[in-house]
Amino acid sequence: MARNGALVPESKSKLQSFKSEVASSLNIDLKQGYNGDLSSREAGSIGGEMVKRMIAYAEKNLH
């Protein structure tokens, strides 16, 4: 298993696109590159929403 990189290199750009989509839907200004000005709450809400959507997608497509 890869520790310092993605198992599927193409997934990196897809996840970044997904992250931007989620941030936009939450009205959080996510810039390309460094986002150290985001609060922990904002960053956590982006990640949490991403996980919720991935779980919903998996549940929908596994049945």
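Just so it is clear, none of the values below were taken in a lab; they were calculated from the coordinates. All values reported here derive from a predicted model rather than from experimental measurement. Methodologically, a virtual Cβ is constructed for each residue, glycine included, from the backbone with ideal geometry; neighbour enumeration extends over all protein chains shown.
Tabulated data for the structure shown
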quantity	calculated
Tally of Lys pairs whose C-alpha atoms are under 17 Å apart, taken over the chain, 8 or more apart or cross-chain	6
Local net charge near Lys31, Cβ-Cβ under 15 Å (Lys/Arg +1, Asp/Glu -1)	-3
